[in-house]
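Encoded as structure tokens, the structure appears first; notes follow it.
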Amino acid sequence: MGLPSRRRRPTPMSQWDPTARLSYWAFHANRRPAYMRFAYLQLGSDEAAEEAVDSAFDSIMGEWLRMLHMDRLDAYAWTVLKQCLVERQHQRRPWHPQRPEPMDFSAFEAALKEAHADRYEVLTDAIRFYSAVSRLAERQRDAILLRYGLQCSPGEAAAVMGVDEATVRSYLGQAHRRLARLLDTPVDAAGPAESAES
């Protein structure tokens with residue numbers, strides 16, 4: 001699934017049929033709050049988050065008529081947002097072209113606390129923990145941010161990322177196990193609990 005083409009001229013919204021306009025604004029209203037909070041965790045400022053999210057929605061608007069025919073519209077929109085976050089991070093730090101890294105430790109502290117309630121003392125070393133989280137695979141880190149940073153249920157995180165809930169639960173389990181290895185803490189044989197009621 002390709003990202004928006006900068007060469008193709010999008011159809012102006014004024015030429016859309018009313019159903020397409022309504023569906024776009026419903027999507028915008030539904031996703032913008034979570035996108036803003038996620039962008040803030042990545043970029044660390046309201047202004048930078050707003051610029052990145054506005055840019056993402058501009059791109060999504062330009063592609064909306066095509067997106068309406070996609071099986072995974074939410075997944076495509078999530079990819080557009082992630083690309084805008086990378087671009088915004090690069091604009092702020094052009095000499096350090098890395099993907100955005102999470103800014104809020106509380107999300108990750110909560111993740112490890114849930115995975116290792118009896119080993120909470122490992123979280124006292126926030127720098128070590130931050131480094132471990134930054135080494136997660138991108139989708140695992142996204143799932144951790146949404147689940148613990150934004151307090152999304154696995155189902156809500158799945159809707160935002162445009163994947164199945166089982167996929168998010170898998171990302172979370174993989175992330176917990178990887179964090180346990182990176183931080184050299186024991187992990188229960190059953191793995192972290194992500195109950196169906198979550």
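All of the numbers you see were taken from the coordinates with simple rules; none came from a lab. For clarity, every value in this text was computed on a predicted model and none was experimentally measured. Neighbour counts are summed over all protein chains in view; Cβ atoms, including those assigned to glycine, are modelled from backbone coordinates with ideal geometry.
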request  = Rounded to the nearest 0.05, what FRET efficiency do residue 182 and residue 91 give with R0 = 25 Å and r taken as the Cβ-Cβ distance? Could you check?
outcome  = 0.25
task = Determine, from the Cβ-Cβ distance of residue 164 and residue 30 and an R0 of 22 Å, the FRET efficiency 1/(1 + (r/R0)^6), rounded to the nearest 0.05.
result = 0.75
